[in-house]
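Novice: Here's a structure for you.
The values are calculated or read from the model by the stated rules, or taken from the named source; none is laboratory data. Please read these numbers as outputs of a predicted model, since none were measured by experiment. Ideal geometry is used to build each Cβ from the backbone, glycine not excepted, and the neighbour counts take in all protein chains shown. Quick note on the areas: whole protein, heavy atoms, side chains included, nothing else; ligands and nucleic acids left out. Shrake-Rupley method; radii C 1.70, N 1.55, O 1.52, S 1.80 Å.
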Amino acid sequence: RRWLAARLPRTDSQLLTQGNIYILPTRAGWMFALTLAVLLLASVNYQLNLGYVLTFMLAGSGIVSMHITHGTLRGLTLHLRPVAPAFAGSAAVLDVVMSSPTSTRFGIGLKLLEAPAATLAWTDVPAGGQATAHVSCVPERRGLHDVPTLTAETRFPLGLFRAWTVWRPQARMLVYPHVEADAPALPAARPV
């Protein structure tokens, strides 16, 4: 975590380039590669020309899928809107505006770095337009806190690869003290 913090400066706007996008195969991608290896082995063993055609067509579609997955994030701009104050123990909503200058981007997910994958906020970004994703975090203590580290990811188009980026916003959020649940009633007003 210290290495990541030293490598990524805090900024409220980030342009995604080749230098800050990472890509790896998913579980389905590894199974796809294993299937291609079995198909190639069977084609060599039984001398099946149509087996070669099928194997190399599927391999080509996998390589194109990797390129498209990486290109879905490349060129995207992330911008964090000012964070509204929240109460300790309740959700603080972070509004992230994603803008695409060129083409439509499908299946962009945004979440806190430490959060499970089930909390991804999915959105599509139109060509030459913007889309807003809402990510929530629950601050435990009151005070002035740094906005937690966020991650954006995509598995578009085939789900064979996962491309992601890590973003450390510079903004800070104000957290008020916890609201008392069963507070006593206010005293009755006395006439002056």
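Novice: Inspect the stretch 118-135 for any residue being part of a loop (DSSP other than H, G, I, E, B), modelled with pLDDT under 95 and open to solvent by 90 Å² or more (accessible area, probe 1.4 Å) and give the result as yes or no.
Specialist: Checked the stretch 118-135: no residue is part of a loop (DSSP other than H, G, I, E, B), modelled with pLDDT under 95 and open to solvent by 90 Å² or more (accessible area, probe 1.4 Å).
Novice: Considering only residues that are among the hydrophobic types (A, V, I, L, M, F, W, C) and part of a loop (DSSP other than H, G, I, E, B), which ones fall in the stretch 62-107?
Specialist: Let us first name the residues in the stretch 62-107 that are among the hydrophobic types (A, V, I, L, M, F, W, C), namely 63-64, 66, 68, 73, 76, 78, 80, 83-84, 86-88, 91-94, 96-98, 106.
76, 83, 84, 88, 91, listed by residue number.
Novice: Looking only at the stretch 96-122, count how many residues are of a type in the set (Val, Ile, Thr) and under 21 Å from residue 70 (Cβ atoms). Break it down stepwise before answering.
Specialist: First, the residues of the stretch 96-122 that are of a type in the set (Val, Ile, Thr): 96-97, 102, 104, 108, 119.
Restricting the remaining residues to those that are under 21 Å from residue 70 (Cβ atoms) gives 96, 102, 104, 108.
Number satisfying all stated conditions: 4.
Novice: From the list 13, 90, which one is of a type outside the set (Val, Ile, Thr), out of contact with any Gly (no Cβ under 6 Å at 6 or more places or on another chain) and either more than 30 Å from residue 178 (Cβ to Cβ) or open to solvent by 50 Å² or more (accessible area, probe 1.4 Å) (or both)?
Specialist: Values: 90 fails: either more than 30 Å from residue 178 (Cβ to Cβ) or open to solvent by 50 Å² or more (accessible area, probe 1.4 Å) (or both).
Only one candidate passes the filter, namely 13.
Novice: Another question, if that's okay. Would you mention how many residues in the stretch 23-61 are surrounded by 13 or more Cβ atoms within 10 Å (Cβ to Cβ) and assigned to a strand (DSSP E or B)?
Specialist: 2
So that you can scan it fast, the table gives a plain yes or no per residue for (1) in contact with a helix residue (DSSP H, G or I) (Cβ under 8 Å, 6 or more places away or on another chain); (2) at pLDDT below 95; (3) of a type in the set (Phe, Trp, Tyr):
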| site | (1), (2), (3) |
| --- | --- |
| 4 | no, yes, no |
| 7 | no, yes, no |
| 26 | no, no, no |
| 37 | no, no, no |
| 40 | yes, no, no |
| 47 | no, yes, no |
| 98 | no, no, no |
| 108 | yes, no, no |
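Novice: Now for a different question. Among all residue pairs at least 6 apart or on different chains, which show Cβ distances below 7 Å where the first residue, located in the stretch 141-167, is within 30 Å of residue 177 (Cα to Cα) and the second is assigned to a strand (DSSP E or B) and open to solvent by 60 Å² or more (accessible area, probe 1.4 Å)?
Specialist: What qualifies is 142/176; 144/172; 144/174; 145/172; 146/172; 147/172.
Novice: To continue, here is another question. Look through the stretch 73-87, keep the residues that are more than 16 Å from residue 14 (Cβ to Cβ) and of a type outside the set (A, V, I, L, M), and return whichever of them is surrounded by the most Cβ atoms within 10 Å (Cβ to Cβ).
Specialist: Result: 87.
Novice: Being part of a loop (DSSP other than H, G, I, E, B) and aromatic (Phe, Trp, Tyr) is the filter here; which residues of the stretch 136-192 pass it? Even if it seems obvious, please write down each step before you answer.
Specialist: Filtering the stretch 136-192 down to residues part of a loop (DSSP other than H, G, I, E, B) leaves 138-142, 147-149, 155-160, 168-171, 177-192.
Within the stretch 136-192, just 156 meets the criteria.
Matching residues to (1) more than 30 Å from residue 35 (Cβ to Cβ); (2) in contact (Cβ under 8 Å) with a residue 60 or more places away in the chain; (3) touching a Gly at 6+ places or on another chain (Cβ under 9 Å):
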{"position": "71", "(1), (2), (3)": "no, no, no"}
{"position": "78", "(1), (2), (3)": "yes, yes, no"}
{"position": "85", "(1), (2), (3)": "yes, yes, no"}
{"position": "95", "(1), (2), (3)": "yes, no, no"}
{"position": "123", "(1), (2), (3)": "yes, no, yes"}
{"position": "134", "(1), (2), (3)": "yes, no, no"}
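Novice: Tally the residues that are open to solvent by 50 Å² or more (accessible area, probe 1.4 Å), small (Gly, Ala, Ser) and closer than 15 Å to residue 165 by Cα, restricting the search to the stretch 93-117.
Specialist: Pass one, the stretch 93-117, residues open to solvent by 50 Å² or more (accessible area, probe 1.4 Å): 93, 101-104, 106, 114, 116-117.
Retained after the next criterion (residues that are small (Gly, Ala, Ser)): 103, 117.
Filter once more, keeping what is closer than 15 Å to residue 165 by Cα: 117.
Final tally of qualifying residues: 1.
Novice: Could you say whether any residue in the stretch 152-165 is within 30 Å of residue 5 (Cα to Cα) and of a type in the set (Asp, Glu)?
Specialist: Step one: of the stretch 152-165, the residues within 30 Å of residue 5 (Cα to Cα) are 152-156, 159-165.
Keeping just the survivors that are of a type in the set (Asp, Glu) gives 153.
Checked the stretch 152-165: at least one residue is within 30 Å of residue 5 (Cα to Cα) and of a type in the set (Asp, Glu).
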